[in-house]
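*Asks:* Handing you a structure now.
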Amino acid sequence: MAGAASPTGVATSSWAGWFADLATLPGSAIGALAGSDVSFPTAEGLIVVREEPRQPKAQLGGVTSRAHCATSGRDFDLRRLSIGAAKGGFITLRALQVLERTIELQQAAGRHSHVQRCYAQVLENTGKAHWRLLLCEASNNDLAAFLAAQGGRLDTKDAAGFGQQLAFGLDHVHSRGILLGGLEAEGVFRGQDGLWKLADFSRSTRLPISVADWLEQCGAPQHDEAAGNSRRGPTERFPPEVAAVGDGALRQEMDVWFLGQLLAGILLEGGSMGCIPAAALGAVSGEALLCPVFARLWLLLHWLLSDEPQERPQANEVAALTGALADLLPSELLEEMPCSGRLRINGVVRAAARQLAMDEAVASIPSPAARSAAIHRVASLPLAVVRDELADSTRLDTLCRNCGFDLAIDAGIEAPKHCLRDASTDAGSASSSGEATSDVTSVPGISGGSSKSNQRQPQQGPGEVAAVVNGFHLEEGQGP
């Protein structure tokens, strides 16, 4: 839209700018545009609402105001979605189809505690703009505003509870054959019942659909610099299967990846709503992993953000896992995850554990020269040896236990056969499967226990690969 006249009389370069202007109009002007009473035919009968004279807010590509039904005493959200006409009064077919699909799928999602319900719609045309007025379940605020008031992040228990609510919503949407297609803070609303709800269906579609067709429907992700709008952010914010544009079918687990990305942004230090998930997960500190619930949620996020969609859990599984984090064993999560995920986890935990051991080793050494020597020793020895030399290994033991990380396996003692082979492939090892089997079977036992008589240094080939499958058999409470 080029040079369209806004409600304030100033030409704007985008409809997002037009919406922003509309949100700044006085209440009397809004009333003149919208009218006072609106009737909606719904499955529950005719609902007549009156729009309240309060400032509307720009939301999800439109403007939202509050309305009240005098008959039932209920409040509703009135959301205006529009397609602005270009010169000559023409509206593009594609823009109309996107608008109609967004509304149709939100209504098709039906009623659920964690999905904002859309009761009905009516047409409302103003000048050369084609409007759809939606009657929606009332909400108090969106997640973006809530996070801004909380400093941008949630604590672990709140984040897990939030993730569980959205996973319930995703599971319901998926049961209707709908892919949400995106999950960002601006599209998650908090209802008057205090529950978080999925509200943004602008990239939703019905399954089955290919990646190429979905991108054609929704438009390739790109940043709207003119409007200053990052809702369609850089491609790094989309799952790997979207980057490989082709005829491959999208899966419901794509939404699980979006949920993992959202949780990573609101949970992790240094995270933000625009963070790249892998970077945020890899930057976790050893201090943070000393909290058992945080460590388990951190492990779970690796699973949600797996590169292959078929390796991710389904939404109902995510809901169950986030609701039981306090009782989960790290081994239970690790056993279900793909070996590529355990490989990444092992590298981060090893680095965090070594840094924690280094801090413990130099804490009581006053001499700079002696500290330097201690740092060099900790950096060069296997972690299992460093742990035995620490005066107090409690914190290191806690970190390893929380993450299912076995120092003995990390030293190359042993590893389960099938994971050893998978990890060798993931790591690009040159060792053959025959060599890997030989290395495993030559060591008695594969329970992951620490035995100093069997301990040996990491060696080239399968012994080295054994470190990447760490924690596969470690049970809660078992020390390294």
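*Asks:* For the stretch 343-414, what % of the accessible area comes from carbon and sulfur atoms, probe 1.4 Å? Mind dumping the intermediate values first?
*Replies:* On the way: 1680 of 2980 Å².
Within the stretch 343-414, the accessible surface is 56 percent carbon and sulfur.
*Asks:* Roughly how many percent of the accessible protein surface of the stretch 56-124 is carbon and sulfur, given a 1.4 Å probe and a whole-percent answer?
*Replies:* Whole-percent figure for carbon plus sulfur exposure: 54.
*Asks:* At 1.4 Å probe size, with every protein chain present, just tell me what the per residue accessible area of the stretch 70-223 comes to in Å².
*Replies:* Normalised by residue count, the accessible surface of the stretch 70-223 is 42 Å².
*Asks:* Once the Cβ-Cβ distance between residue 363 and residue 113 is put in as r, and R0 is 51 Å, what FRET efficiency do you end up with, to the nearest 0.05?
*Replies:* Efficiency computed from Cβ-Cβ geometry: 0.55.
*Asks:* If you don't mind, there's one more thing I want to ask. Quick one: pull the percent of accessible area on the stretch 161-200 belonging to carbon and sulfur, 1.4 Å probe, ligands and nucleic acids left out.
*Replies:* 43 percent
*Asks:* Got a sec to turn the phi values of the stretch 36-49 into Karplus ³J(HN,Hα) couplings, 6.51 cos²θ - 1.76 cosθ + 1.60 with θ = phi - 60°, whole Hz, x for Gly and Pro?
*Replies:* The phi angles translate into 9, 10, 10, 9, 10, x, 10, 5, 8, x, 6, 10, 10, 10 Hz.
*Asks:* Can I ask one more? Just to confirm a number: summing +1 for Lys and Arg and -1 for Asp and Glu over residues other than residue 172 whose beta-carbon lies under 12 angstrom from that of residue 172, what do you get? Present the calculation step by step, with values, prior to reporting the outcome.
*Replies:* Working: positive: 111, 117, 176, 197; negative: 171, 255.
Every neighbour counted, the sum reads +2.
*Asks:* What is the distance, in nm, between label points placed 7 Å from the Cα along the Cα-to-Cβ direction at residue 74 and at residue 327?
*Replies:* In this crude label model, residue 74 to residue 327 measures out at 3.5 nm.
*Asks:* Using +1 on the beta carbon of Lys and Arg, -1 on that of Asp and Glu, and nothing else charged, what's the dipole of the stretch 262-376 about the Cα centre, debye to 20?
*Replies:* 400 debye
The values are calculated or read from the model by the stated rules, or taken from the named source; none is laboratory data. Everything numeric in this text was worked out from a predicted model, so none of it was measured. Here Cβ is always computed from backbone atoms with ideal geometry, including for glycine, and neighbour counts include all displayed protein chains. Quick note on the areas: whole protein, heavy atoms, side chains included, nothing else; ligands and nucleic acids left out. Shrake-Rupley method; radii C 1.70, N 1.55, O 1.52, S 1.80 Å.
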